Every structure is written in C-alpha cells, then in structure tokens.
C-alpha cells in the first residue's frame, strides 16, 4: 500500500485556551510540514479540549466524520448576561443571583434537557446571506438566527458556588452536534431572570474521540505525530465490513461490489488490516462513499 496512506490520519488535539481552531491548523501545518491540514468542529478561542484535525488524506475523511454527539465540561455564571454569551463579551445586564434556589435552577435545567429548540448565539460561525453571524454582529448589524432542534442528553450540575452576587455552576453536558453551550448558559440565565453566560468550556468528547486520545498542541509542535492512522480513524468511526485483498483492490479503483444487505456506511477492511474505503449499499451495488487508499496514489 502507498506511503501517503501511512502518513495520513487524524490528530486529536487538546486545544489550549486563547487561540482559534484555525491557529491550531496553522501551527500543525508547520509541525507536519504539509499544507494539507484541516479541522472539524470549531472551538471558540476561550474553549479548550478535543479538536479533531485531519492530516493529508485525513482532511478528506473529515467530511465523512459523523460526530453526532459531543460532551463538554463547563462553568456557567448566573447573574450577568453578555453580548457574546461568554466571558469574552461585554456585560449588558447584571442582577444579584446569590439568592437563587438550587432546586429552581435544577428545574430550569430540566426544561433545557432532551429534545429542545435552541437559538444559536449571535456571535457564531453560522452563515447568514453568505456572511458569518459574528462578522455581521461586529459590523453593527442586527442578527436574528432561527431556533433549531438540538438534543441535550445530559445536563448535570457537578458543583455550585456563590461568588458575591453571582451563582456559578460547574456542569457536564452531553449533546448533539450543533448545540451551543453558550446558548444553554444564556437561556438558563434568562429563564431564571438573572442573566447567564459561560466562563469556562472544555470539550471532552467528539463522537468516538475523547480526551484520552488528545495530545497537547505544544507536545505536537515538538514531536509531530498522528493520534490515529487513517485505518484506525475509519474503523473507530464506522462498523467494519471484512473484505478480501482482491475486493480491496477493486474498491481502491472505485469499483463496486455485490450488495450484502448492509444498513448504513461501513469501513471496508482487508485481512491485512487496511481500511480501503467507506462503503454503502445503493440499490444493487455496494459502492464507495470515500476511498481512503485510492489505487491512483
């Protein structure tokens, strides 16, 4: 098999605070000496934790990385609302929250759990008429992003502290992709009529990738290495379909195989352990969705 496939894969970065996801990509381009670096699932500059980055052909796999669930540890400050729904924005309202009842907080958290409609934070990367929402806001435009369905499968309070007039909550959230944790803080504060925003955010999981897989950015700059090869990334992300070496050659050339009654996308893996492609049944064909090891390389 080709050498490029052996140097392609994913890096699970433990992103430090204070830099954008694009900043991380720029540093890894230098560390890996390649322009072919991209990321999935943007993290705000304030946030830390799991950022999935593709290297070489791993960048093409990112489009097929279906990370339907994510997990976060966060700190919510009740008692103030900000322009960005986090600590980086300007305070727009402040109310003494020190006397909040803990049971009332838990009751409102219950209303923000399960399948809900969430209005994304205005300062987000969502595009409106071709421009990012945060760009429009910073240009002084009024932005109204429609609410969208999200699923909050866990919204758990780990600790709570009264700090002067503020009420701080350490929380753990498991949610569907597309959920804004800042918006949860905003909506919880609004429901309690005291305002709320996020003061800390750490992403602990993106689909099958967890903090245990993550490597600090500074470590990667000193010793650039993959967290998972392309073979490992495909088999971690999708159920495995065992194929013969001959069938692997066919798939690498873009040919299709006979259907097997499969549901959904599978990683086609040869006896030698090479994940050749992602495949899916389409009518009377078992066809490739993404070829990880194309014969043309």
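A few points about this structure:
- Residues of the stretch 1-27 classified as at pLDDT 90 or above, assigned to a helix (DSSP H, G or I) and over 18 Å from the mean Cα position of the chain (by Cα), total: 2
- Residue ID - surrounded by the fewest Cβ atoms within 10 Å (Cβ to Cβ), chosen from residues in the stretch 236-253 that are in a loop (DSSP other than H, G, I, E, B) and touching a strand residue (DSSP E or B) at 6+ places or on another chain (Cβ under 7 Å): 239
- Checked against the criterion of being assigned to a loop (DSSP other than H, G, I, E, B), touching a strand residue (DSSP E or B) at 6+ places or on another chain (Cβ under 7 Å) and closer than 21 Å to residue 200 by Cβ, the stretch 68-77 contains not a single residue that satisfies it.
- Among the residues making up the stretch 193-229, those that are in a helix (DSSP H, G or I), under 28 Å from residue 276 (Cα atoms) and touching a residue at least 40 places away in the same chain (Cβ under 8 Å) are 211, 213, 220.
- Residues of the stretch 35-46 satisfying the condition of being part of a loop (DSSP other than H, G, I, E, B) and modelled with pLDDT under 95: 41, 42, 43, 44, 45, 46
The values are calculated or read from the model by the stated rules, or taken from the named source; none is laboratory data. Quick caveat: nothing in here was measured; it's all calculated off a predicted structure. Reconstructed Cβ throughout: ideal geometry from the backbone, glycine too, with neighbour counts over all protein chains shown.
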